[in-house]
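Chemist: Here it is: the structure, laid out below.
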Amino acid sequence: MESLKPLFEPLTNLLDRGGVRKDVASIILSAIALLCSFLAPDDMPIDPAWIAIILCGLPIVVGAFVALVTEFDVKADLLVSIALVASIAIGQYFAAGEVALIMQLGALLEERTVARAQRGIERLVELTPRTARLVLEGGEERIVEAEDVERLQVVRVLPGEYVPVDGIVTKGCTSVDESVLTGESMPIDKQEGDEVSSGSLNQFGTIEVRALRVGEDGSIQRMARLVQSADAGKAKIVRLADRWATWIVVGALTSAAGAYLITGDIVRSVTVLVVFCPCSLVLATPTAIVAAIGNATKHGFLVKEGDALERLSGVKEAAFDKTGTLTKGTPEVLGVVAIPGGRFTDESLYEVLAGAESRSEHPLGKAIVACARRAGTIIPEPEEFRMIPGRGVEVRVSGSKVSVGNARMMQEAGLVTEEWRDAGVEAFEQEGCTVSYIAVEREATGVVALTDALRDESVETVRALYALGVSPVLLTGDHVEAARAAARQAGIRTFLASCRPEDKMAYVESRESAGRAVVMIGDGVNDAPALRRAQVGIAVGGVGNDLAVEAADIAIVEEGMGQLAHLVALSRRMMRTIKVNLTFSMTLNFVAIALAILAVLNPVTGALVHNCGSVLVIVNSSLLLRWKSPRSNARSADTAA
Ligand code: ADP
Ligand code: MG
């Protein structure tokens, strides 16, 4: 039967490409025509409703017929087609046009849901600045527009960033994810002399790339890729009416036949067919999703996947990353302490440390460099920078191999953390500081202690989530004391310290297989696996880290996450709206069917009742656009008082 498909292609193409289907103009035109038909005297030569039948109805009938013949696929459209033809056959043009119009309106709204999600992605790509770190003569870097990079210039790419140009690696090694270009998300190792393509995502190392081809815009491919993933999401909003289509068709035909056999009245059975059409059922889900996504956008969320909110409504736990998510991600260096009697003073160790971190994308690394600059420290040029997600960095500075990272990293390197005791590790840890160990040539040399203030909205967000019945959990790569301190400040009762990225993911996995769906909220490279794995991933910190944003379903555009609880509440509200819509439209349909059999309704009044149902569904959904969570109302009332 597949072989029949090409036969119909010209016809379906014509209807689709001409924009007849789902076209706003034809919907408006049809609506006007129907209004005329309704108001016009009965003795018009041609009923204006024919305009609606042709503009809106024909594509449905053709589409349903083609699907049936080529794929044996019964869609809700089939019933609509039967009702259309039957209505026309008994001269009920108005009813036919009306049903066709509403079906097309549903299709249009559904299309807009997806378009909205796609626009979110486009905005995201626009917001992520297409910049490059141009390396100047003296090794300094300047941020420029990616387009302004010239051939043979050298750019630097930090971990978690997109490669802005096509070129050859001149320094450093890393692995890159070329899934944007190839669809394969396997990290591919790159070292000096290897080619990299623009748009691939740098994973672990800082590299320098000499531009060979410029002007080829990798971001377009990236956009295409993202949009494709949103399309996959679209498939998940299966039209409920289509899922039940076979039953609806069977039910409708039996009832119509029954009505005819019992009463002998053909008009009654056509009315049954008309009111059976699942118009409001078709509108119930997409209208609610469009409205909810619109609301989310107003509150600073970019919803990348159409069904992300639906999934969010079911979450039971919220897993937070610490650094950069619960905290501001702009820590202060409390102190750099060299182990007494070693070959470094506190000052000279600070220099080495700042050099080691000067290619780091991690909030801690950036903070160290910023604090060092402010203190006027001379920062040496690093070489062979490599980040180890969730652990630290490994760099060559002034010829020696320097490692900076947490206790786990030192243990994995075969070092004994006891050796750092004299640098006051314990005192720092007791204070809840983040402590990173510094080793030079595998020798314990000192520590750096940092504190990072909580975001202003963290406490309130955590409280609001508890109130919604979502349990927050803190997942951090930091040590247990720092985790405990942050959890206590934020009011989170459960935390997990010393997590590697894979531990975060494993935690999410274990909770979900225990039936507790998780929303993961994170900002960094180390959160990406968990963001991807979780039922819903939300990337925070503005559109900073490309890798995290890529892995997430939703991105928070502005700094902060004050609206997170609102988003969760909104998603639940959306599901409630959908359920109300579905229940209402099914009830209405059943009542209308009964009334049609009893001849209380004729095809025209039947179609009108039907129409009112659809309008009510749309109105109910649109309430979501301006919906505010009661909690945030209460809060603004508090502050007003
Ligand atoms: P979080 O999960 O809180 O965001 P990470 O998993 O990114 O933290 O990092 C875990 C720990 O690894 C940090 O607390 C820090 O001790 C260490 N670490 C990671 N990256 C760096 C770095 N660039 N410099 C120093 N220490 C680092
Ligand atoms: Mg983080």
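Chemist: By how many nm would the segment from Arg243 to Arg576 lengthen if fully extended, with 0.36 nm per residue of separation less the alpha-carbon distance?
Modeler: Result for the pair: 117.9 nm of gain on full extension.
Chemist: Give the angle, between 0 and 90 degrees and rounded to the nearest 10, that separates the Cα long axis of helix 480-490 from the longest principal axis of the Cα atoms of the chain.
Modeler: Orientation of helix 480-490: about 50 degrees from the principal axis.
Chemist: I've got another one for you. Taking the Cα centre of the chain as origin and charging only Cβ (+1 Lys, Arg; -1 Asp, Glu), how large is the dipole, in debye to the nearest 20? Numbers along the way, then the final one.
Modeler: Numbers: 62 positive and 79 negative charges, 460 e Å.
So the magnitude is around 2220 debye.
Chemist: Share of antiparallel DSSP beta bridges in the chain, in percent to the nearest 5?
Modeler: About 75 percent, rounded to the nearest 5.
Chemist: Next question, about the same structure. Rounded to the nearest 500 deg cm²/dmol, what is the calculated helix-only ellipticity per residue at 222 nm for the chain, with -39500 (n - 2.57) per DSSP H run of length n ≥ 4?
Modeler: The per-residue figure over the chain is -16000 deg cm²/dmol.
Chemist: For the stretch 417-461, what relative contact order do you get, as a whole percent, if you take Cα pairs closer than 8 Å and at least 6 residues apart?
Modeler: 32
Chemist: Right, next: Report the net charge of residues surrounding Lys401, where surrounding means a beta-carbon distance below 14 angstrom and charges are Lys +1, Arg +1, Asp -1, Glu -1.
Modeler: Local charge sum for Lys401: -2.
Chemist: Could I ask something else about it? Between 0 and 90 degrees, rounded to the nearest ten: what's the tilt of helix 603-622 against the longest Cα principal axis of the chain?
Modeler: Between the helix axis and the principal axis of the chain, the angle is about 20 degrees.
Chemist: On to the next question. Run the accessible area of the chain with a 1.4 Å probe and give the carbon-and-sulfur part as a rounded percent. Intermediate results must be reported in sequence, preceding the final value.
Modeler: On the way: 15770 of 27780 Å².
Percent of accessible area from carbon and sulfur atoms in the chain: 57.
Chemist: Once you keep just the Cα pairs under 8 angstrom separated by 6 or more residues, what percentage relative contact order results for the chain? Provide the component values of the computation, followed by the final result.
Modeler: Details: 1312 pairs, mean separation 92.9, N = 641.
Answer for the chain is 14 percent.
Chemist: Take the Cβ-Cβ distance between Ser513 and Thr263 as r, set R0 to 60 Å, and report the resulting FRET efficiency rounded to the nearest 0.05.
Modeler: Given R0 = 60 Å and the Cβ-Cβ separation, E is 0.60.
Chemist: Considering only Cα-Cα distances, which of the following residue pairs are longer than 27 Å: Lys504/Lys579; Lys322/Lys401; Lys304/Lys504; Lys171/Lys401?
Modeler: Lys504/Lys579; Lys322/Lys401
Chemist: Hey, what's the Cα Rg ratio for the stretch 409-541 versus the globular rule of thumb, 2.2 N^0.38 Å?
Modeler: 1.16
Chemist: Considering the options Ser571, Gly329, Ile556, tell which one lies farthest towards the positive end of the dipole of the chain, charges being +1 on Lys and Arg and -1 on Asp and Glu at the Cβ, about the Cα centre.
Modeler: Ser571
Chemist: Contour minus end-to-end for Leu253 and Val600, with contour as 0.36 nm per residue of separation and end-to-end as the Cα-Cα distance?
Modeler: Here the answer is 123.0 nm.
Chemist: Let me ask you something else. Could you give me the radius of gyration and the Dmax of the stretch 245-345, taking only the C-alpha atoms into account and expressing both in angstrom?
Modeler: Rg, Dmax (Cα atoms, Å): 30.7, 106.
Chemist: While we're on this one: Using 0.36 nm per residue, how much length does the chain from Glu381 to Ile46 gain when fully extended, once their Cα-Cα distance is taken away? Mind showing how you got there, number by number?
Modeler: Numbers: separation 335, 0.36 × 335 = 120.60 nm, distance 8.35 nm.
Here the answer is 112.2 nm.
Chemist: What's the angle, to the nearest 10 degrees (0 to 90), between helix 245-263's Cα axis and the longest principal axis of the chain?
Modeler: For 245-263 against the chain, the angle is about 20 degrees.
Chemist: If you don't mind, there's one more thing I want to ask. Could you please report the charge total around Ala367, scoring K, R as +1 and D, E as -1 over all other residues with beta-carbon less than 13 angstrom from its beta-carbon?
Modeler: 0
Chemist: Taking only C-alpha pairs under 8 Å that are 6+ residues apart, what is the relative contact order of the stretch 419-511 in percent?
Modeler: 24
Chemist: With the crude spin-label approximation of a point 7 Å out along Cα→Cβ, what separation in nm comes out for Cys36 versus Glu147?
Modeler: Each label point is offset 7 Å from its Cα along the Cβ direction, giving 4.7 nm.
The values are calculated or read from the model by the stated rules, or taken from the named source; none is laboratory data. What you see is a predicted model, and the numbers here were worked out from it, not measured in a lab. Here the Cβ is made from the backbone with ideal geometry for all residues, glycine too, and neighbour counts use every protein chain on show. Just so you know, the surface numbers come from the protein's heavy atoms only, side chains and all, with ligands and any DNA or RNA stripped out. Shrake-Rupley method; radii C 1.70, N 1.55, O 1.52, S 1.80 Å.
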